[in-house]
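Worksheet for the structure shown next.
None of the figures in this text is laboratory data; all of them are computed from the coordinates on show. In this text the structure is predicted, and so the values were computed from the model without any measurement. Using ideal geometry, Cβ is built from the backbone for each residue, glycine included, and neighbour counts are taken over all protein chains shown.
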């Protein structure tokens, strides 16, 4: 049989590997900074671009899409070429993908601290960057699928299944969640509002975790773990069951992030049921990975690469057990909105994604540079420092989460809240925040050790940009679909495989999203709920710009402890004009949905000037720039037009005199401040933000004052 000679493109793998380490250092340093700011708020140095609210989305985007994302692409470009025995179909697309992805990361690093954000979890980037993401992602997808089509291997190896599912699902998620109407060059409003937007957002966010942080890494596990262990995958049949069950079930589980909220009960129940079922395929993947090491466990003791991989897969198993448990309503009632969720998320991100990344890099760099790892001792030190860092990070947050929940829910013998002041809870968990930052520091120290070790490894080796290879061409034979061989038949047909995977992942999303959007009874309207005034709309945008939603929720759940503390529980109809929804996912500060009328305008003004003068001991940073920044009323017309386009009932041509109403309301607030001894200009950001906060929760009766 004739053998064809070709070469593998190692350059793009090298570029993505370097970018992984570079952005890993940046992302983790930003994470450590905001961890410290939780108990030393002065670390923003009075600079608006360095506050927790603006840096937190930068941290999550840098870690997820820059650190983990670059590792995904490095691993995919390396493994796809080997299992397909062919070079990527287009060197140009590989280069375009690399530089396009780095450009997107830089754009995020610039716009997010500047306050240009949609506020949507893991999808904060504004519409021009969303378009760039779509273009670069499609270029990657074509390069991937076309390469698989022209492969020299008859069957698609299991890793390819996960890569294909990742591409098709992220495409669907990104497009649906990014449906928005521009209101400026870096401003937009999502077409969905309130409950609908919450469901779409968490359908996206949960499955971004599933199909960006999980499925591609499972593909990398199926390739690199057997390579490092020099063992075959434990079970082919288990990998089939694991794959199809995982991608079908995962897509339904998003609503478990919205338990006890205004989301319809049927959607909450679906999210819970499918989350519980997810344990089976998730643990199937974990066991398939760990059992691949059968007969090689004695080597784990002396091989730091296998140590990283074993603990990574174990962390995957732990987090995928914890996730379904947190979706049980009885458990969720305790953990949601607390720091437990943060600990859970970082167990997955640092343990599963982080440790597997390091294990792959420690295997990949010596292979590509044709040398031995510079120092196994340093790699072992890195392993133990990172593992200890994860322990110091997660356990204090679990403890903090339980402390928060128990204090929030505690009543005295007389039936009143024992800790009515939310700040009492915050001060109680400061020691846990300190321990958490110690864990973050240890993890970052490990990354620096990794960078040093890999740089020294590369220096003593020799990199080959184009690695020569040879393989026999694929001879396509006409075959029939035979009983019991369905998957073998499907593995020869990547396009049909991709289409079937798309159908499988669409089922759950359509069942949950369509009824919520089309059936009006899912979101009962409330006649008294009106659109925001122009000033309140500007204030809401400032609230989003400053990242207030990263620390404050706007969802009073139907618990006695919450209605006693905040007021009437939140109704679905109250959010019909909220583009986007702002229910939040973590309470570092108190819930704000019933904030309107609770405090005076003076209180809010002084609170933004210096929170400690109103709440001694507060960890909220001052916002002095709100008192001096002038409100940009030139954008009012565009905002009103955009809102009307997506269904908010502003009158025709209202944009032409909206600023007049804006100034009337602003002057009323400024006059009230002046009457209380505070001279304030009506055209400042703080006035708009006060107007928005005073509106919250006042559209229905029962707001607790």
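Across region 534-695, the convex hull enclosing all Cα atoms gives 117 Å³ per residue. Take the Kirkwood radius over Cα pairs of the chain, plug it into Stokes-Einstein at 4 °C and 1.567 mPa s, and you get 48 µm²/s for translational diffusion. Against the main long axis of the alpha-carbon atoms of the chain, helix 685-695 sits at an angle near 80°. Rg ratio for region 133-215: its Cα radius of gyration over 2.2 N^0.38 Å, N being its residue count, equals 1.35. The Rg/Rh ratio for region 203-292 is 1.08, where Rg is the radius of gyration of the alpha carbons and Rh is the Kirkwood radius.
Convex hull volume per residue, computed on the Cα atoms of region 525-586, equals 99 Å³. With the convex hull drawn around the C-alpha atoms of region 269-363, the volume per residue stands at 98 Å³.
Rounded to whole Å and sorted largest first, what semi-axes of the equivalent ellipsoid does the C-alpha gyration tensor of region 280-324 yield via the square root of 5 times each eigenvalue? Before the final figure, lay out the partial values.
Working: eigenvalues 92, 27, 6 Å².
Calculated on Cα positions only, the semi-axes equal 21, 12, 5 Å.
From least to most packed, judged by other beta carbons within 10 angstrom and beginning with the fewest, 273, 80, 149 follow the order 149, 273, 80. Within region 296-429, the proportion of C-alpha pairs whose separation exceeds 24 Å stands at 46%. Between region 1-71 and region 425-450, what is the C-alpha centre distance in whole Å? That distance is 18 Å.
Relative protection proxy for 372-384, 11-23, from highest mean packing down: 11-23, 372-384 (other beta-carbon atoms within 10 angstrom). Residues 64, 251, 486, 687, ranked from the fewest to the most other C-beta atoms within 10 Å, line up as 486, 64, 251, 687. Going from the fewest other Cβ atoms within 10 Å to the most, the residues 477, 126, 609 appear in the order 477, 609, 126.
The calculated 222 nm mean residue ellipticity attributable to helices in the chain amounts to -19500 deg cm²/dmol, summing -39500 (n - 2.57) over DSSP H runs of n ≥ 4 and dividing by all residues. Each part gets one Cα centre, and for region 564-608 versus region 496-551 those centres are 18 Å apart. In region 390-483, Rg over Rh equals 1.45, where Rg is the alpha-carbon radius of gyration and Rh the Kirkwood radius from pairwise Cα distances. For the chain, the longest principal axis of the alpha carbon atoms and the long axis of helix 430-459 meet at an angle near 30°.
Annotation: average projected area of region 465-573 is 17.6 square nanometres, based on the convex hull of Cα atoms across all directions.
Protection proxy ranking, highest mean first, for peptides 448-461, 410-423, 510-523: 448-461, 510-523, 410-423, where packing is the per-residue count of other beta-carbon atoms within 10 Å, averaged. Here, region 1-156 is characterised by an Rg to Rh ratio of 1.10, where Rg is the alpha-carbon radius of gyration and Rh the Kirkwood radius.
Compared with the dominant principal axis of the Cα atoms in the chain, helix 215-229 is inclined by about 40°. Just so you know, the Cα atoms of region 200-248 work out to an Rg and Dmax of 13.1, 43 Å. In terms of the mean number of neighbouring beta-carbon atoms within 10 Å, the peptides 151-160, 349-358, 488-497 order highest first as 349-358, 151-160, 488-497.
Calculated on the Cα set of region 624-677, radius of gyration then Dmax: 14.0, 42 Å.
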